[in-house]
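Shown next, in structure tokens, is the structure this report addresses.
Every number here is computed from the coordinates shown, using simple stated rules; none is lab data. Everything numeric here is computed off the predicted structure, so don't read it as measured data. All Cβ positions, glycine included, derive from the backbone under ideal geometry; neighbour counts span all protein chains shown.
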Amino acid sequence: MNLGSYDAELAAAIVQMDGAHGGGLPEFLGLRTIDVGPGSMTAEIEVRPDLLNPFGSLHGGVLSALVDHVLGAVLYPLIPRGTWAATTEFKLNLIAPVREGRLVARSEIIAMSRRTAVVRIDVHNGERLIGAAQGTVTITEPTSTP
């Protein structure tokens with residue numbers, strides 16, 4: 001599989017950002033990217049009381065947001081600057097409930113062409129696998145404006 005050219009400078013910049021600087025949902029969640037490599041990304045979220053559902057478990061939407069983030073963002077160090085990576089679809093298996101600790105999501109590109117990529121994501125809470133996902137990302141080149 002050809003993963004394109006790897007932009008180590010961009011990968012390092014992504015790791016330097018933290019949840020307080022990204023804005024939007026990643027900032028609200030406190031999402032931190034802790035590692036980026038050629039075709040892989042690892043990010044984490046601390047479980048907080050305001051992220052739990054009324055039954056005391058982490059809301060599935062939080063896990064879904066983490067998965068969606070590492071699903072698309074893993075592509076940016078590999079695609080030309082200005083190109084957009086958009087999640088087309090993903091399937092997420094919720095394997096075990098989470099009540100505390102940290103979620104760590106690791107994504108890995110398993111197939112990539114000029115226009116699409118397939119990415120696999122495993123999410124752990126400590127040593128326990130709590131989520132597994134696979135999704136497709138559409139890669140869109142910038143359009144020129146007349």
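Comparing the range 10-146 with the 2.2 N^0.38 Å rule of thumb, its C-alpha radius of gyration ratio is 1.05 (two decimals). Spin-label model, residue 53 to residue 12: label points 7 Å out along the Cα-to-beta-carbon direction sit 4.3 nm apart. Ranking 117, 10, 129 by how far each Cα lies toward the positive end of the dipole of the chain (charges on Cβ) leaves 117 at the top. In a DSSP loop and with at most 10 other Cβ atoms within 10 Å, the chymotrypsin sites (Phe, Trp or Tyr not before Pro) in the range 27-119 are 55. Loop-located GluC sites (Glu not before Pro) in the range 42-146 (DSSP state not H, G, I, E or B) with no more than 15 neighbouring Cβ atoms inside 10 Å: 100, 127. Each of 24, 86, 37 was placed along the dipole of the range 8-140 (beta-carbon charges, centred on the mean Cα), and the one lying farthest toward the positive end is 86. Across the chain, the longest run free of exposed loop sites, meaning trypsin sites (Lys or Arg not before Pro) lying outside DSSP classes H, G, I, E and B with no more than 16 other Cβ atoms within 10 Å, spans 1-80. About its Cα centre, the dipole of the chain is roughly 300 debye, where the only charges are +1 on Lys and Arg Cβ and -1 on Asp and Glu Cβ.
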